[in-house]
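Here's the structure we're looking at; comments come further down.
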Amino acid sequence: MRLGASDPVPSRPELKSFCEKMDGLGLRKYIIERPKERTAIRVEVADAFKDAPNPALMVLDALDGFCGLGSDSELIALRRAYVVLLEELMQARVEIAAEAKERARTVATVWKGKMTVVSGVNDGDEENREKESLEKLGYLLLLATYWMVSDGGYDVNELVDYAVVVAKYGQAVDLFRVLGFGDRISGKLLVCVDLISLR
């Protein structure tokens, strides 16, 4: 996450084309198929969003099947793509219209339900922990990007618990601040997250 970053890097034609066509699934597939280019794609996506008639809805299209079936490595790749799109949509600060917000709320409800069912199941190896933490990171990013926490209806203490799980990610500090968790997370955890973000 690059809150306060400078002007976006010009995007490659493929990204612009997906956005012009509102092809969220195509954009997601493009990101998944190019894991070595993910960092470069990440910094170009904000510019490509300018070409989408409604980037907020397009990203929701890309989230289709977010709890899909597949191998652990496939699910991790899928969730990393979601994280990229949600982070960069939040960074782009696009307008979130009522239609997109309502649809995002529905997605969040289903997402939360799926997490509740599988919570605690992935306590084994590192790949399973990564899969679960990316799921929680994506969920928090969804809430932050579509400005849903401030509307109420969410257990903030539970969200803070999720935040602890995702604290290892470099973007966690900015995400916590956007969500308004600063006063609910201990100073010790914030120091820890700040150190991680400087790595």
Seminar exercise, completed: Simple SL model, points at 7 angstrom along Cα→Cβ for Thr109 and Lys29; separation in nm is 3.0 nm
For this session: Of all alpha-carbon pairs in the stretch 21-119, indicate the percentage at a distance above 24 angstrom.
Result: 21 percent
Problem set entry | Accessible area of the stretch 60-111 belonging to carbon and sulfur atoms, whole % at 1.4 Å probe | 51 percent
Exercise. Counting only the heavy atoms of the protein chains, how much of Phe66 is accessible to a 1.4 Å probe, in Å² to the nearest 10?
Worked result: 20 Å²
For this session: With +1 on each Lys and Arg Cβ and -1 on each Asp and Glu Cβ, and nothing else charged, work out how big the dipole of the stretch 14-91 is about its Cα centre, in Debye to the nearest 20.
Result: 140 debye
Exercise. Per-residue HN-Hα couplings for the stretch 158-166, Karplus 6.51 cos²θ - 1.76 cosθ + 1.60 at θ = phi - 60°, whole Hz, x for Gly and Pro?
Worked result: 5, 5, 5, 4, 4, 4, 4, 5, 9
Seminar exercise, completed: Computed ³J(HN,Hα) along the stretch 135-140: with the Karplus parameters 6.51/-1.76/1.60, θ = phi - 60°, integer Hz and x for glycine or proline, the list is 4, 5, 4, x, 4, 5
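The values are calculated or read from the model by the stated rules, or taken from the named source; none is laboratory data. It should be emphasised that the depicted structure is a prediction, and the values quoted were computed from it without experimental measurement. Cβ atoms come from the backbone with ideal geometry, glycine included; neighbour counts cover every protein chain shown. When the accessible area is computed, the model is the full protein with side chains, heavy atoms only, and any ligands, DNA or RNA have been set aside. Shrake-Rupley method; radii C 1.70, N 1.55, O 1.52, S 1.80 Å.
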